[in-house]
Every structure is written in structure tokens, then in C-alpha cells.
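Below is one structure, written out as C-alpha cells, with a few remarks after it.
The values are calculated or read from the model by the stated rules, or taken from the named source; none is laboratory data. Keep in mind the model is a prediction, meaning the values are calculated, not measured. Note that we place each Cβ from the backbone using ideal geometry, even for glycine, and neighbour counts take in every protein chain shown.
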Amino acid sequence: MELKKYQKRVISDLSSYLSFLTETDSLSEAYREFWASKQVPVGFDGIPAYQNIIDQVPHVCYKVPTGGGKTLLACASIKPIIDSLPTGKPKAVVWLVPSDAILTQTLAALKDPHHLYRQQLNLDFGSRVEVYSKEELLAGQNFSPTTVTEQLSVMVLSYDSFRSKTKDGRRAFQANGALEAFRRFFGMPDLPIEGADEAALFQVLNQLEPVVIVDESHHARSDLSKEMLRNFNPSFVLDLTATPKAESNIISYVDALALKAENMVKLPVVVYNKATQTDVIMDAIDIRRVLEREADAQQAAGGDYIRPIVLFQAQPRAAADATSFEKVRTKLVEAGVPEDQIAIKTADVNELKNIDLLSSECPIRFIITVNALKEGWDCPFAYVLASLANKTSAVDVEQILGRILRQPHTRRHASGLLNMSYVLTSSNDFQATVDNVVSGLNAAGFTSRDYRLADELPIPDVSQVQEPLLTPADIAIQEQEIETGQSEEELANFDVNVVARRIGSNEMSDIPETVEVMVRAAEELNDDYENTARASLAAASHNDLPIDLEDKVPHYGMLPSFEEEARKIRIPQFYVPVSDLLASIEYDAGSLLSPPGLTSGFSLKGRDSNLDISHATDQIELVDVREDNADTPKAYKTNARQQQEIRSYFDSLPEEGRVRQACELVIARLDKPRYDCISTSDLKDYVTRVVENLDGAQLKTLETSPLAVANKVRERIDSFLTEYRLEQFEKRLDDESIQVRSTYQLPASITLSAPTTSVGGSLYEAEGSMNTPERDLIMSVAALDNVAWWHRVNEKAPGEFYINGPINHYPDFIVCTTKGKIIMVESKGEHLKNDDSRAKIKLGEKWANAAGPTYRYYMVFKDGVDPLPGAFTTSDFLGRLENL
């Protein structure tokens with residue numbers, strides 16, 4: 001099971017945010033630091049500052065378009081969130097959804113052990129997972145104080161179940177004998193809910209302090225919804241939506257290009273405006289037949305099964321006209337469409353119930369609806385949205401446009417026609433129609449970049465068609481309709497005979513040439529979209545900045561006097577041969593050498609497991625619920641009561657149980673992606689040896705400060721890894737299984753959250769911030785006559801240069817001399833004479849030797865400091881530099 005690249009980036013964004021949250025005492029500061037790490041300013045001229053929606057509760061948002069896998073992202077987010085919380089808290093998740101349709105869908109998927117969502121949870125929590133409906137919670141079905149302490153408990157609930165004043169909504173507030181054990185276990189609630197009994201479901205969930213996931217969170221912004229969220233007493237709130245409200249604290253953006261690159265969505269949306277409803281229906285039928293022809297050819301060549309579906313969207317009708325849907329079906333059947341291929345889905349009629357639309361046994365190719373598919377329904381076989389509004393009516397596709405965007409099998413198909421979606425309308429005001437399509441795209445999380453108008457291409461000459469597709473009488477009727485704007489009944493205004501002649505008695509008869517021309521034009525539009533997408537992705541991959549934020553971040557270009565020559569420079573980095581790349585999954589795509597690529601054969605067996613953790617204590621701080629603490633994250637500070645509960649819990653365990661539990665606490669806090677190169681059993685064995693070596697007092701420290709102890713273990717393992725990787729790196733340089741390629745190009749512009757222009761001679765219009773020793777050093781460098789330019793390397797900025805190898809080393813500065821020499825400079829203070837600096841010196845020397853005579857590496861200490869072997873004082877370095 002593998003997340004998509006953009007999904008991994010979202011989880012990485014979450015993990016980064018959680019790190020800032022644990023390091024700071026402020027919700028707003030953690031948010032500011034998170035975006036500063038991406039060079040995005042927060043506040044004036046940047047993205048909005050953190051919005052404190054619920055006092056003391058981290059509340060953040062993912063912006064993910066329709067089809068982007070929000071539910072899977074939520075599943076993958078639960079473990080890092082829970083791992084960041086204090087030890088001993090129940091692993092409880094309240095998953096809120098806005099409708100019964102989404103509730104049914106989400107609950108079924110999370111309960112199904114074969115579904116990807118449940119598999120992600122099982123993987124992260126060792127299959128110790130229970131998923132509850134509201135009815136199961138009210139009945140206390142496998143829901144007790146014991147079970148919630150031993151497993152991950154996910155409770156899938158609707159908004160209305162807890163914010164509604166209806167009879168059903170009130171059930172969550174009423175005393176419940178099935179939950180009496182929770183009342184006895186928790187005692188008096190710290191934050192009683194007004195109107196809720198101590199043994200009520202809502203009060204029980206409140207005392208669990210759950211992580212709350214809010215699906216389609218743009219529906220949960222009313223005062224009533226905010227009150228509901230506060231009553232849950234959450235430890236963390238994660239919003240999921242394609243269309244965040246202004247107050248949302250977004251920590252990760254996913255855009256259309258990322259989804260298109262991973263074949264998650266059918267883009268672009270190609271929009272056609274036809275003369276009449278008859279044309280809309282005929283062309284929808286014919287485009288679907290072309291798509292099925294392409295799908296059949298693909299399947300015959302060994303591809304996946306796809307059965308393209310048309311959604312006919314009717315205008316809302318009064319109850320008296322409810323039979324109009326049947327009239328449409330009748331006329332489609334009369335025109336030659338087999339009856340079993342048509343289904344109606346409205347608020348009152350649901351012929352899709354218990355139907356598996358993805359099954360090859362399912363015949364349905366046409367669905368007639370209004371807006372009943374607007375949420376909770378996703379069928380990747382839906383390709384065509386055909387609006388049956390008459391010419392004088394507004395074309396309202398906003399609510400269900402997202403239903404045709406999901407890509408079948410999430411992969412690119414050989415036929416370009418199967419990689420995009422189609423909208424057909426008949427409107428006198430086509431610009432209004434386009435505006436509505438854009439609104440629909442916006443509602444699905446996309447933008448106006450993601451559609452194409454078929455009218456943008458010239459219509460090829462089709463005068464050579466052997467037989468006219470329409471009789472002169474048909475054409476005269478259509479022309480009259482266009483001139484007068486007159487139409488018959490809106491839902492059924494098309495000529496059965498014309499449609500029947502078009503499609504013939506056989507639904508898979510020859511496709512009219514006009515339709516062939518139309519879809520080939522669509523292919524050209526698709527090529528245009530994909531070319532634009534590739535260019536945008538290439539630009540985005542360099543700075544890793546969401547398209548949504550491009551206008552929020554200032555870009556600083558190269559100074560014109562340096563740009564031409566600087567853009568020609570290609571700086572060497574270390575690579576592995578392609579054969580090795582194919583033979584080992586350890587290497588990054590593109591064969592750029594990374595630290596994990598030097599870890600083959602590494603083991604923790606036999607390595608020193610004696611660790612001094614006597615000073616590894618987490619900060620313990622009492623937290624009062626006061627107004628002036630509103631910005632302090634309560635769940636990330638352990639109060640005295642929680643400390644006592646944790647100690648009592650561990651004291652109740654036998655010695656063997658305490659050791660096992662302590663090991664699990666440490667392992668849960670070791671970054672798994674960081675140690676993917678180490679087997680789980682090897683990691684567990686090492687942590688077990690560390691814990692078994694602890695005396696009673698140290699074990700107490702671990703039990704109440706697992707994060708601090710995990711940091712100590714992490715430091716020790718990292719030192720082992722660095723030592724091993726350095727050894728492997730040197731061996732592979734000697735046997736030439738590592739190569740040097742001059743590939744890195746300095747970006748044409750950079751983004752900076754804290755720009756400075758106080759030191760002259762820089763490559764860019766502004767450079768990143770520096771501390772005083774760094775500024776003093778670069779001022780001396782810039783003053784030399786033979787220095788052409790310098791650049792401040794910002795480790796936090798995406799796309800920056802680094803010397804890759806056993807570690808990824810970002811030097812402080814890149815300096816270019818007037819003779820074209822490129823020098824990497826690392827500035828150090830007395831207190832940084834450590835193993836990390838030694839490893840950087842060794843890597844820098846290896847890089848400079850392999851890169852050739854044009855390149856140099858210097859680690860520089862202040863004058864008066866005895867430098868490490870291989871490093872230099874400032875005076876010595878400047879003397880060498882001015883001779884290059």
C-alpha cells in the first residue's frame with residue numbers, strides 16, 4: 001500500500017506542523033513557524049494568520065480537490081496526530097460527516113477489512129482498530145473504558161446527530177445506562193456539556209478528548225457547528241475540504257496538477273455548447289459510444305474494464321411534473337437506447353440502490369438526475385454531464401460537476417479521450433454557462449485553468465459526409481428554435497426520430513463523422529492542457545510552492561548582470577548508476593544519491609544500547625482554562641493529573657508489562673519514514689535492549705517522558721547510521737559505483753519569508769536572513785575584488801542546493817569568483833565543533849575532489865578559534881579565496 005506523492009507531501013506537512021506544535025507554546029506561533037519554513041509569510045502581505053477557532057485546540061485544514069483522496073489522507077493522518085499527543089490518552093477519533101449518504105459510505109469503507117482506508121488504519125495501529133456507528137455507541141456495543149484504552153476507536157457520526165435539537169439529535173445528550181461504566185471511570189467531567197447527562201454519549205466523547213476529523217468542513221462553520229466542536233472537547237481538529245472557508249488554517253494545499261500527474265482526475269473538462277436539446281442528447285450518446293469504443297479497444301489490449309456513463313441533469317421540477325424523468329427515459333428508449341441501460345436517481349427515486357456500477361455485469365450507461373448525486377456518490381465511469389435545461393434557463397451544473405471528474409483505476413489510459421471529462425449544454429448565454437462550469441470546478445476544488453472550450457478550435461470541414469445526418473426539415477426546425485428561443489417541455493424537448501436516425505437501431509453503430517471531429521478536437525484540447533500542466537509542474541517542482549500561494553510569496557530574481565552566466569552553471573551532485581537504481585528500491589527516483597541509499601546491510605544488532613536518560617524529561621506544566629491561555633495548546637502540555645494517571649497506570653502493570661509498554665511508547669515516537677531502512681524487528685530489539693538496561697528511576701523517566709527519551713534514542717541511532725553511511729560512501733567512491741553529474745541549476749528566482757538586502761554583491765535581488773557571524777563573514781567575502789557574486793543557501797527553501805551523500809549538507813553560502821570558481825562555504829562557531837561538523841567536512845572534501853578543479857569546499861571558524869581538522873579560520877580562508 002503506497003500513498004501518492006502528493007499524499008505523502010500532505011502527511012509530511014502535517015508531521016512538520018506537529019513538530020512545530022510540540023516545540024512552541026503557541027498555536028499561532030507554530031502555524032507561523034510552519035509556513036516560515038516554506039518561505040511563506042503569515043499575516044500582512046502573506047497568508048492569513050492563525051484563526052483561533054477553539055481555545056487551546058490545534059485546528060488545521062487540508063485543501064484537497066474532489067477526487068484527491070481526502071478520506072485516505074485522513075486515515076493516514078491519525079497516527080502522526082495521536083503519536084504527538086501525551087502518553088496515556090485514549091486513541092479516540094470522532095469522524096464527522098455532513099450527510100447520511102457520506103455517513104453510510106464512510107462507515108462501510110472504514111469497517112471493511114479489505115478496503116484501502118481500513119487497511120491504512122490496520123497498518124498504522126497493528127489491526128487494533130474498532131469503527132463505531134452512532135447506534136453502536138449508544139448501545140455500548142464493544143465500547144467500554146477498557147476497549148478505548150487498548151485500541152484505536154473511530155466513531156463515524158453526522159453533524160446533525162450532535163448539533164441538532166431534534167429527537168434523534170437529543171439522544172446524544174440523554175442518560176444512557178449502556179455507558180454507565182464511563183461515568184464511573186471518569187468521574188465528574190472537567191468540562192460538562194450544558195444539557196447533557198454525565199452518562200450521555202456526548203459527555204463520554206467529551207471526556208475522551210478525541211481527535212476530531214471534519215469531512216467537508218465548509219459545512220461546519222455556523223455558530224451551532226462551532227459549539228458542537230467545542231462540546232467534543234477535542235485534542236486536535238483536522239478539517240478536510242475542497243473549498244475552505246476564510247477562517248480555515250490550511251497547512252497543506254493540493255492542486256489540480258498534482259491530481260492530474262497522479263492520474264486521480266479526468267482533466268481538462270471539455271465544454272460544448274450545442275444548438276438544441278436534441279443536439280445535447282445526440283452528442284452525449286455519441287460521445288459516450290466513442291469513449292466505450294476506446295475503452296473496449298484498451299481492454300482488448302490488456303487494459304482495465306471501463307464502461308463510460310452519461311449523467312443527464314434535468315432542471316428541478318415541481319412535484320406535479322415528477323413523471324418527466326420517466327418521459328425522458330421513455331423517449332430515450334424510443335430512440336433506440338436499451339431500457340436496462342438507463343437509471344433514474346432523484347431525491348425520491350433511486351434505481352441505483354444496491355447496484356455496483358463498476359461491475360462488468362452492470363448494463364447502466366445513462367443516469368437521469370437533478371442534484372441527487374451532489375455528494376456521497378463517486379463513480380469513476382461517469383464521463384459526460386449533459387444538461388437538459390432549455391436554452392433560456394440558467395445551466396446549473398455546479399452541484400454535480402465533481403461527479404464526473406474521478407479517473408477510473410487512477411491511472412493514465414492509452415486513449416487520451418479516456419483521460420478527460422465532458423460537459424454538454426444548450427444555452428443562449430454561453431458565457432453564463434461557462435461561469436457556471438467554473439463555479440462547479442471551484443466547488444470541487446479546481447480552478448478556471450482546468451477546463452477547455454471546444455469552440456476554441458476551428459471546426460474542420462465535414463462537407464464530404466456521404467449522407468446528411470439531418471433532413472432539411474430537421475434543420476429548419478432547429479433554425480427556428482434558435483431564432484425564437486422557443487422550446488417544448490424542458491425535460492423532454494428533443495426529436496425522437498432525429499435521435500433514432502443518428503444512433504440507429506444498434507447502439508454501437510458507426511459514429512457520425514461530426515462526432516468524430518468533435519472528439520478529435522477534444523484530444524487537441526487535452527494535449528494543450530497537458531502541455532500547460534507539464535510546464536507548470538516543472539516550475540512547481542523546483543520551489544514546491546502550492547499554486548494557490550504563488551501570489552502570496554514574493555519572488556526575487558537574479559540580478560541581470562549575473563543572470564546569463566549564472567544560469568549556465570551546473571553544479572555537481574552524487575548519483576548512483578541506473579542499473580543500481582533499478583536493482584534497489586533504496587534509491588530515490590532519478591538516481592540522485594540519498595542517505596537511505598547507503599544503508600543496505602545496516603543493522604542495530606550488537607550496537608551499544610547503554611543510554612543515559614536521567615536528564616531526558618518532558619516539560620510538565622499546569623494548564624488552566626483561562627482566556628489568556630487561549631493560544632496555548634492544552635493537549636501538548638502534560639498537566640499534573642495526567643502525569644499521575646500515567647504513573648498509576650504503569651505502576652499497575654507487572655515488570656514485564658511495564659518494559660513492553662515502555663518499548664511501545666518509544667517505538668511509537670520514532671519517525672517511521674526516517675527509519676524505513678531498518679527492519680521493524682531490528683528496531684524493536686534495539687529499543688528493548690535500551691529499556692531493559694534502565695534502572696527503576698530511569699524507567700520512571702521513560703514512562704512519563706517518552707518523547708524526550710525517544711529523542712535520545714533517535715540521536716543514538718542517527719549517529720550509528722551516519723557512521724555506517726560514511727563508511728559505505730567512501731567504499732563506493734573508491735569502486736566508482738557512485739558517480740558525479742553536473743546537473744543542479746540555480747533557480748531563476750527564489751522565495752524568501754525573511755529577505756535581506758543589506759550586503760552587496762549577492763546573486764539575487766534579496767537573500768535569506770543571516771546571524772551576525774554569518775553576516776560578518778559574507779561581508780568580508782563580498783569585499784574581495786575577485787568575488788563576482790554570492791548566494792545565501794536556505795535549507796528550508798525548496799529546491800536549494802545541497803551536497804548529497806551520507807548526510808544532506810546545505811552549506812551556508814555559494815560563492816562565485818570572477819574566474820568562475822564555485823566555492824561552498826560553511827560558517828561555524830566554537831560551540832559547533834562536533835561530530836556533525838566533522839561529517840560535513842569529510843563530505844565537503846569528498847565532493848570537492850570528485851567535482852573537479854572548478855569547485856572548492858571550506859568550513860570556516862572565527863579567528864581565535866582553533867578549527868577542526870580540515871577547517872579554516874576566517875583569515876586563512878579569505879587569504880585562500882582572494883587567490884582563486
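Here are some notes:
Per-residue answers, yes or no, for (1) modelled with pLDDT under 90; (2) in a helix (DSSP H, G or I); (3) farther than 26 Å from A443 by Cβ; (4) in the same structural domain as H409 (by TED's automatic domain parsing):
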position	(1), (2), (3), (4)
T278	yes, yes, yes, yes
R288	no, yes, no, yes
L291	no, yes, no, yes
Q299	no, yes, yes, yes
Y305	no, no, yes, yes
L332	yes, yes, yes, yes
K353	yes, no, no, yes
P363	no, no, yes, yes
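- Sole exception among (1) buried (at least 17 other Cβ atoms within 10 Å of the Cβ); (2) more than 29 Å from A630 (Cβ to Cβ); (3) not polar (S, T, N, Q) for E2, by number: (1)
- Scanning region 30-46 for residues that are in a helix (DSSP H, G or I) and free of Cβ contacts under 8 Å to residues at least 60 places away in the same chain, we see that the one that is surrounded by the most Cβ atoms within 10 Å (Cβ to Cβ) is R32.
- Residue match in region 411-434 (condition: touching a strand residue (DSSP E or B) at 6+ places or on another chain (Cβ under 7 Å), at pLDDT below 90, part of a helix (DSSP H, G or I) and crowded, with 22+ Cβ neighbours inside 10 Å): yes
- Residue in region 801-823 that is out of contact with any His (no Cβ under 6 Å at 6 or more places or on another chain), among the acidic types (D, E) and within 25 Å of Q728 (Cβ to Cβ) present: no
Residue-wise test of (1) within 30 Å of K134 (Cα to Cα); (2) touching a helix residue (DSSP H, G or I) at 6+ places or on another chain (Cβ under 9 Å).
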residue: F202; (1), (2): yes, yes
residue: P210; (1), (2): yes, no
residue: M228; (1), (2): yes, yes
residue: F236; (1), (2): yes, yes
residue: V271; (1), (2): no, yes
residue: R289; (1), (2): no, yes
residue: Q299; (1), (2): no, no
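- Unmet criterion (only one of (1) in contact with a Lys or Arg (Cβ under 7 Å, 6 or more places away or on another chain); (2) free of Cβ contacts under 8 Å to residues at least 60 places away in the same chain; (3) among the hydrophobic types (A, V, I, L, M, F, W, C)) for A49: (1)
- Selection from region 675-689 of residues that are crowded, with 18+ Cβ neighbours inside 10 Å and closer than 23 Å to L85 by Cβ: Y675, L683, V687
- Residues that are of a type in the set (G, A, S), within 30 Å of R329 (Cβ to Cβ) and either in contact with a strand residue (DSSP E or B) (Cβ under 7 Å, 6 or more places away or on another chain) or surrounded by fewer than 22 Cβ atoms within 10 Å (Cβ to Cβ) (or both) occur in region 283-305; there is at least one.
- Considering region 796-832, the residues that are crowded, with 16+ Cβ neighbours inside 10 Å and basic (K, R) include one that is nearest to P595 (Cα to Cα), namely K828.
- When residues of region 743-761 are limited to those that are free of Cβ contacts under 8 Å to residues at least 60 places away in the same chain, in a loop (DSSP other than H, G, I, E, B) and not small (G, A, S), the one farthest from Q39 (Cα to Cα): V759
- The sole residue among T688, T632, T680, T638 that is closer than 30 Å to R32 by Cα, modelled with pLDDT of 75 or more and within 37 Å of the chain's Cα centre (by Cα) is T632.
- Residues in region 245-261 that are within 26 Å of T532 (Cα to Cα) and at pLDDT 90 or above: S252, Y253, V254.
- Of all residues in region 128-146, those being within 14 Å of A178 (Cα to Cα), outside any helix (DSSP H, G or I) and of a type in the set (A, V, I, L, M, F, W, C) number 2.
- Only one of the numbered conditions (1) touching a residue at least 40 places away in the same chain (Cβ under 8 Å); (2) over 21 Å from the mean Cα position of the chain (by Cα); (3) within 25 Å of G67 (Cβ to Cβ) is violated by R221, and that is (1).
- Residue match in region 694-701 (condition: among the hydroxyl-bearing types (S, T, Y), surrounded by fewer than 16 Cβ atoms within 10 Å (Cβ to Cβ) and at pLDDT below 90): no
- When the test is whether a residue is outside the structural domain of E800 (by TED's automatic domain parsing), in a helix (DSSP H, G or I) and either free of Cβ contacts under 8 Å to residues at least 60 places away in the same chain or among the basic types (K, R) (or both), V709 does not pass it.
- Every pair of residues 6+ apart whose Cβ atoms lie under 8 Å, when the first sits in region 73-96 and is more than 21 Å from Q119 (Cβ to Cβ) while the second is small (G, A, S) and part of a helix (DSSP H, G or I): L85/A635; P86/A635; K89/A635
Residues checked against (1) under 34 Å from the mean Cα position of the chain (by Cα); (2) surrounded by 15 or more Cβ atoms within 10 Å (Cβ to Cβ); (3) under 29 Å from E227 (Cβ atoms); (4) among the polar types (S, T, N, Q):
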| position | (1), (2), (3), (4) |
| --- | --- |
| T106 | yes, yes, yes, yes |
| G169 | yes, yes, yes, no |
| E180 | no, no, yes, no |
| I193 | no, yes, yes, no |
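- The set of residues in region 596-621 that are within 35 Å of the chain's Cα centre (by Cα) and either assigned to a loop (DSSP other than H, G, I, E, B) or modelled with pLDDT under 80 (or both) comprises T599, S600, G601, F602, S603, L604, A616, T617, D618, Q619, I620, E621.
- Residues within region 431-455 that are within 25 Å of the chain's Cα centre (by Cα) and free of Cβ contacts under 8 Å to residues at least 12 places away in the same chain, tallied: 1
- Within region 62-72, the residues that satisfy the criterion of being under 30 Å from L191 (Cβ atoms) and either surrounded by fewer than 24 Cβ atoms within 10 Å (Cβ to Cβ) or basic (K, R) (or both) are K70, T71.
- For region 197-216, the criterion of a residue being in a loop (DSSP other than H, G, I, E, B), under 30 Å from G43 (Cβ atoms) and not acidic (D, E) is satisfied by no position.
- Members of region 307-330 that are among the aliphatic types (A, V, I, L, M) and either at pLDDT 85 or above or not assigned by TED's automatic domain parsing to the domain that holds E398 (or both): I309, V310, L311
- Inter-residue pairs, beta-carbon under 7 Å, first farther than 25 Å from T751 by Cβ and of a type outside the set (V, I, T) and in region 776-796, second assigned to a strand (DSSP E or B) and modelled with pLDDT of 95 or more, 6+ apart: N786/T817
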